[in-house]
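Have a look at the structure below, then the notes.
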Amino acid sequence: MKVILLQDIKSLGRKGELKEVKTGYARNFLIPKKLAEIANPEALARWQKEQRQKQEQEEKDLEKFKQWQGEINQLVFEAELEQAKDGSVFAGVSKQMINRYLVGQGIGELAKDAIELEHSLKDEGEYKIKINLGKGLAAELKISIKHKKT
């Protein structure tokens, strides 16, 4: 019997997938627990429409990420960090700071784990950090850090 999964099921598949299962399993377990619905003509038509919409959205996202990739690769984030008289730096360049910079440059908010930064950057110099945009795309942001005495 063909069913459309309404939730992720560990041993069977992910939400929204069309699966072939044994009739008893569908009727006695999946359908009563609202984990799946029978793939009748109406449900199949709705599922196909959702799949087309999902595909269109993924294509739009891919184009957006490609555009962001090109823009990020051209950017140079110039950070001026305050340095105490003893030479220590108060705060470094963090993931949050990079995310705010990218949003300010017209690039959307990124997931926290998209920015590959092991620790905040405090030392003067030039850095390149990798930013995972999704869909297998990554960009490199150049960061230039200078210190200013307070």
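Of note:
- Cα Rg, Dmax (largest Cα-Cα span) when computed across segment 1-71, Å: 15.9, 54
- Close amide H partners of ALA39, meaning residues 5 or more places away or on another chain with modelled amide H under 5 Å apart, are LYS2, VAL3, ILE4.
- Gaussian network model of the chain, springs between alpha carbon atoms under 10 Å - residue of TYR101, TYR25, TYR127 with greatest fluctuation: TYR25
- Out-of-range pairs (alpha-carbon distance over 21 Å; input LYS15/LYS112; LYS19/LYS60; LYS15/LYS49; LYS54/LYS95; LYS95/LYS128; LYS10/LYS66): LYS15/LYS112; LYS19/LYS60; LYS54/LYS95; LYS10/LYS66
- Between 0 and 90°, nearest 10: helix 95-104 axis offset from the chain longest Cα axis: 80
- Cα pair distances exceeding 13 angstrom across segment 67-109, given as percent: 61
- When a 1.4 Å probe is rolled over the protein heavy atoms, the share of accessible surface on segment 51-117 that falls to carbon and sulfur comes to 45 percent.
- 222 nm mean residue ellipticity, helices alone, for the chain (DSSP H n ≥ 4; -39,500 (n - 2.57); rounded to 500): -10000 deg cm²/dmol
- For the chain, modelled as a GNM whose springs connect Cα atoms under 10 angstrom apart, the maximal fluctuation among VAL21, VAL76, VAL93 occurs at VAL21.
- With distances taken between every two different alpha-carbon atoms, the chain has a Kirkwood hydrodynamic radius of 19.2 Å.
- When you filter the GluC sites (Glu not before Pro) in segment 42-150 for DSSP loop state and at most 10 other Cβ atoms inside 10 Å of their Cβ, you are left with GLU109, GLU118.
- Surface accessible to a 1.4 Å probe, per residue, for the residues of segment 1-94, Å²: 70
- Most fluctuating residue given options PHE65, PHE90, PHE77, as computed from a GNM of the chain linking Cα atoms under 10 Å: PHE90
- Semi-axis lengths (Å, descending) of the ellipsoid that matches the C-alpha gyration tensor of segment 81-150: 26, 12, 10
- Student exercise, the chain dipole from Lys, Arg, Asp, Glu Cβ charges, in Debye to nearest 20: 780
The values are calculated or read from the model by the stated rules, or taken from the named source; none is laboratory data. Treat the numbers as computed from the prediction; the structure is a model and nothing was measured. Heads up, the Cβs are rebuilt from the backbone with ideal geometry, glycines too, and the neighbour counts pull from every protein chain shown. Only protein heavy atoms, including side chains, enter the accessible area calculation; ligands, DNA and RNA are left aside. Shrake-Rupley method; radii C 1.70, N 1.55, O 1.52, S 1.80 Å.
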